[in-house]
Amino acid sequence: MLAGLSGIDAVLDGHPHQIYLKTLKDKEGKEILTVQAGMKFENIGQLTVYRDGHLEEKLLQEIPASNTLPMETVVRKGKTRFVDPEMHALMNEIVRPYEAFLDRKIGTLSFDIILEIDEQHISQRYQENALCELVADAYRKAGNSEIGFITASGLMNDLRKGDITCRSILGVHPYGNTIMTVHVSGQMLKDILEYAVRKCPKKAGTFPHVSGVTFTVDLSVGSSVQLDDQEQFTWVEGPYRVSEIRVGGRDLDLLAEYKSIRLSASSYSICVSCAA
């Protein structure tokens, strides 16, 4: 990102799945302080601006806090959470103008569609899941594509029996992504799937949920996916774990490079490779 930008003094990144503190060069060759703090509050990135104008960044693993901090409790997903009263009130004020839209009914479900069968293991990160595949179907339909694709980390909540509202959908899909449609060759599709299952059978945010394509994963074959220092795919060094790939019921043709396949996915999945 920095290599294509200028006019930036420092970068503090949130939930980047990587941990480092270093300088990186921008478009003009200027060295920029950059901190990536990992995920799920593994660390907190701190930027200090001194009176003389110079900057200092740190990775913090602990922050001293008083035992008498003000707090109140709310219940989310059946669990009691502690929240800051002032921040909670501010968030409620921001959401209030949208309440009518959020409560608008858009459908009805006669059964639950569960995302997390096991909250400790988050099953959609290592096996197929009905809600994830429903969303992949919706992506394929919305993008008028041969394939719909979503990674396991893209969804955050269940759909429960009863009225489905805009709030329900935003609970499943809380991120500000858009659906993008791109053209990929047969080889590109095979590489995408190989990258996505590289950690199987371990749980991973990259685990793919798809529509319009079927494939087999051979867990006896170790992953030979090669990544660069930014955890981005470069190539597959050895045998592929994925095989028997079929698009629309037809065998994938890897050699027909002139052919392209329309694939619809979230803008995050297409633009940023999730390395969870």
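Throughout, read-outs are computed from the coordinates displayed, never taken from laboratory work. Given the structure is predicted, the values throughout are model-derived calculations rather than measurements. For neighbour counting, all protein chains shown are included, and Cβ atoms are generated from backbone atoms with ideal geometry for every residue, glycine included.
Using Cα pairs closer than 8 Å and at least 6 residues apart in sequence, work out the relative contact order for segment 96-205, in percent.
The value is 35 percent.
Note the full-extension length gain between Leu59 and Leu47 as 0.36 nm times their separation in residues minus their Cα-Cα distance, in nm to one decimal.
3.4 nm
Tell me, what is the percent relative contact order of segment 46-92, built from C-alpha pairs under 8 Å that lie six or more residues apart?
21
I want to verify the translational diffusion coefficient of the chain in µm²/s; compute it with Stokes-Einstein, Rh as the Kirkwood radius over Cα pairs, at 25 °C and 0.890 mPa s.
Translational D for this selection: 113 µm²/s.
Order 94-103, 181-190 from most to least packed using the mean count of other Cβ atoms within 10 Å.
Details: 94-103: 10.6, 181-190: 17.0.
Order by mean packing, descending: 181-190, 94-103.
Tell me the mean residue ellipticity at 222 nm calculated for the chain from its helices only (DSSP H runs of n ≥ 4, each -39500 (n - 2.57), averaged over every residue, nearest 500).
Per the formula, -5000 deg cm²/dmol.
HN-Hα J couplings of segment 44-56 from phi, Karplus 6.51/-1.76/1.60, θ = phi - 60°, integer Hz, Gly and Pro as x?
These are the phi-based 3J(HN,Hα) values: 10, x, 10, 10, 10, 9, 8, 4, 7, x, 7, 10, 9 Hz.
Run the numbers on the chain and let me know its relative contact order in percent, using alpha-carbon pairs under 8 Å that are six or more apart.
Relative contact order comes out at 16 percent.
How many percent of DSSP beta bridges within the chain run antiparallel, rounded to 5?
So the antiparallel bridges amount to about 90 percent of the total.
How are the alpha carbon pair distances in segment 2-60 distributed across 5 Å bins from zero to the largest one, expressed in percent?
Cα pair-distance distribution for segment 2-60, in percent: 4, 21, 26, 23, 18, 7, 1.
Past the 21 angstrom mark, what percentage of all C-alpha to C-alpha distances in segment 107-271 do you count?
Looking at segment 107-271, the distances longer than 21 Å represent 49 percent of pairs.
Local charge sum around Val35 (other residues, Cβ-Cβ under 10 Å, Lys/Arg +1, Asp/Glu -1)?
Net local charge, Val35 excluded: 0.
Calculate the dipole size of the chain relative to its Cα centre from +1 charges on Lys and Arg beta carbons and -1 charges on Asp and Glu beta carbons; express the result in debye to the nearest 20.
640
Name the aspartates and glutamates eligible as straight-distance cross-link partners of Lys161: C-alpha to C-alpha under 13 Å, and not fewer than 8 places from it in the same chain.
Asp112
Straight-line reach from Lys203: which lysines fall under 25 Å, measuring Cα to Cα and dropping same-chain residues less than 8 apart?
Leaving aside lysines fewer than 8 places away in the same chain, those within reach of Lys203 are Lys40, Lys77, Lys79, Lys190.
In square nanometres and to one decimal, what's the mean projected area of the convex hull around the Cα atoms of segment 114-212?
6.7
Ranked highest first by average number of other Cβ atoms within 10 Å, how do 81-89, 146-154 line up?
Values: 81-89: 11.2, 146-154: 23.9.
The peptides rank, most packed first, as 146-154, 81-89.
Using a Förster distance of 45 Å, how high is the FRET efficiency between Ile94 and Leu255, based on the Cβ-Cβ distance and rounded to 0.05?
Values: r = 53 Å, r/R0 = 1.18.
Between Ile94 and Leu255 the formula returns 0.25.
Roughly how far apart, in whole Å, are the Cα centres of segment 6-61 and segment 69-128?
31
Out of Gly154, Ser224, Ile63, whose Cα points farthest toward the positive end of the dipole of the chain (charges: +1 Lys, Arg; -1 Asp, Glu; placed on Cβ)?
Highest projection toward the positive end goes to Gly154.
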